[in-house]
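See structure below.
The values are calculated or read from the model by the stated rules, or taken from the named source; none is laboratory data. Predicted model, so just to flag it, every value in this text is computed and none were measured. Counting neighbours? That spans all protein chains shown, and the Cβs are built from the backbone with ideal geometry, glycine included.
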Amino acid sequence: MRVTQKKSQGLSLVEVLVTAVLLGVGLLGASALQLTGLKGTDSAHYRTVATFLTNDMAERMRMNFPAIAAGDYRTIPDQALLCHALPEAFKDCNANTCNSAELAMFDTYQVQCGFVMTQGSVTSKSGGVENSLPNGQLSISCPSDLCDDTSEYTITVAWMPRDQNDSGIYTNNSGNYEVTVVIRP
């Protein structure tokens with residue numbers, strides 16, 4: 001009688017280990033791809049919001065031609081509009097009748113700072129460059145020091161996205177981003 005050896009059936013431990021490593025590398029690659037896609041989506045969202053706000057400011061300016069002719073829409077370079085404190089001459093043009101200069105200040109404040117909502121004793125802000133974009137800032141300038149109805153106005157909405165590093169701290173190493181529209185009234 002002849003004795004034959006049976007071939008072993010099943011997987012060896014080495015084959016299981018190789019399969020687990022390959023599966024792990026594939027899953028890490030897929031998660032890295034997902035993270036890159038999310039960053040791209042975030043960037044596209046910010047650019048869309050900035051484009052909307054820039055065009056909103058341009059339309060507000062076109063509707064208030066006397067303020068354009070007087071140069072009332074120009075912002076002061078390197079001086080941020082403070083949203084937590086209303087300017088002294090600020091007038092709510094939704095509730096009051098405003099002249100063209102007051103409307104220019106109101107328009108600039110609303111596009112930069114958003115809309116103020118009060119419910120009971122709680123006041124909150126929504127929209128605007130400051131509330132919609134990380135480190136967002138609105139600027140309106142002219143090529144010369146004097147802005148008038150023949151000047152080209154440059155409306156810029158800039159922001160600086162934040163990246164989170166391995167320690168969980170946000171860093172501003174992505175660079176500045178901006179959307180610019182040039183209008184001639």
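Just for the stretch 87-142: of the residues that are of a type in the set (Val, Ile, Thr) and over 19 Å from Asp56 (Cβ atoms), which one is modelled with the highest pLDDT? Show your work before the answer.
Pass one, the stretch 87-142, residues of a type in the set (Val, Ile, Thr): 97, 108, 111, 116, 118, 122-123, 129, 140.
Applying the additional criterion that residues be over 19 Å from Asp56 (Cβ atoms) yields 97, 118, 122-123.
Numbers: Thr97: 92, Thr118: 66, Val122: 66, Thr123: 64.
Looking at the filtered set, the residue picked out is Thr97.
Going by the conditions given, is Leu53 in a helix (DSSP H, G or I), more than 25 Å from Tyr177 (Cα to Cα) and at pLDDT 85 or above?
Details: in a helix (DSSP H, G or I): yes; more than 25 Å from Tyr177 (Cα to Cα): no; at pLDDT 85 or above: yes.
So Leu53 does not fit the description; no.
Filter the stretch 59-69 for residues that are more than 14 Å from Gln110 (Cβ to Cβ) and either surrounded by fewer than 16 Cβ atoms within 10 Å (Cβ to Cβ) or of a type in the set (S, T, N, Q) (or both); which is modelled with the lowest pLDDT?
Once the filter is applied, the top-ranked residue is Ala69.
Anything in the stretch 23-43 that is hydroxyl-bearing (Ser, Thr, Tyr) and modelled with pLDDT of 85 or more? List them, or say none.
First, pick out the residues of the stretch 23-43 that are hydroxyl-bearing (Ser, Thr, Tyr): 31, 36, 41, 43.
The one that is hydroxyl-bearing (Ser, Thr, Tyr) and modelled with pLDDT of 85 or more: Ser31.
Just give me the residues in the stretch 133-154 being surrounded by fewer than 19 Cβ atoms within 10 Å (Cβ to Cβ), in contact with a helix residue (DSSP H, G or I) (Cβ under 8 Å, 6 or more places away or on another chain) and either within 12 Å of Cys83 (Cβ to Cβ) or among the polar types (S, T, N, Q) (or both), in sequence order.
Result: Gln137, single match.
For Ser174, indicate whether it is surrounded by 11 or more Cβ atoms within 10 Å (Cβ to Cβ), in contact with an Asp or Glu (Cβ under 6 Å, 6 or more places away or on another chain) and either modelled with pLDDT under 70 or in a helix (DSSP H, G or I) (or both). Give the steps one after another, and end with the answer.
Values: surrounded by 11 or more Cβ atoms within 10 Å (Cβ to Cβ): yes; in contact with an Asp or Glu (Cβ under 6 Å, 6 or more places away or on another chain): yes; either modelled with pLDDT under 70 or in a helix (DSSP H, G or I) (or both): yes.
Here the answer is yes, as Ser174 does meet what is asked.
Looking at this structure, is Phe52 out of contact with any Leu (no Cβ under 6 Å at 6 or more places or on another chain), surrounded by 12 or more Cβ atoms within 10 Å (Cβ to Cβ) and free of Cβ contacts under 8 Å to residues at least 12 places away in the same chain?
On the way: out of contact with any Leu (no Cβ under 6 Å at 6 or more places or on another chain): yes; surrounded by 12 or more Cβ atoms within 10 Å (Cβ to Cβ): yes; free of Cβ contacts under 8 Å to residues at least 12 places away in the same chain: yes.
Against the criterion (out of contact with any Leu (no Cβ under 6 Å at 6 or more places or on another chain), surrounded by 12 or more Cβ atoms within 10 Å (Cβ to Cβ) and free of Cβ contacts under 8 Å to residues at least 12 places away in the same chain), Phe52 qualifies.
Where residues in the stretch 70-86 are at pLDDT below 80 and under 16 Å from Glu102 (Cβ atoms), which of them is surrounded by the fewest Cβ atoms within 10 Å (Cβ to Cβ)? Spell out the reasoning first.
Going residue by residue through the stretch 70-86, those that are at pLDDT below 80 are 76-86.
With the extra rule that they be under 16 Å from Glu102 (Cβ atoms), the set shrinks to 81, 86.
Details: Leu81: 19, Leu86: 14.
Restricting to residues being at pLDDT below 80 and under 16 Å from Glu102 (Cβ atoms), the top hit is Leu86.
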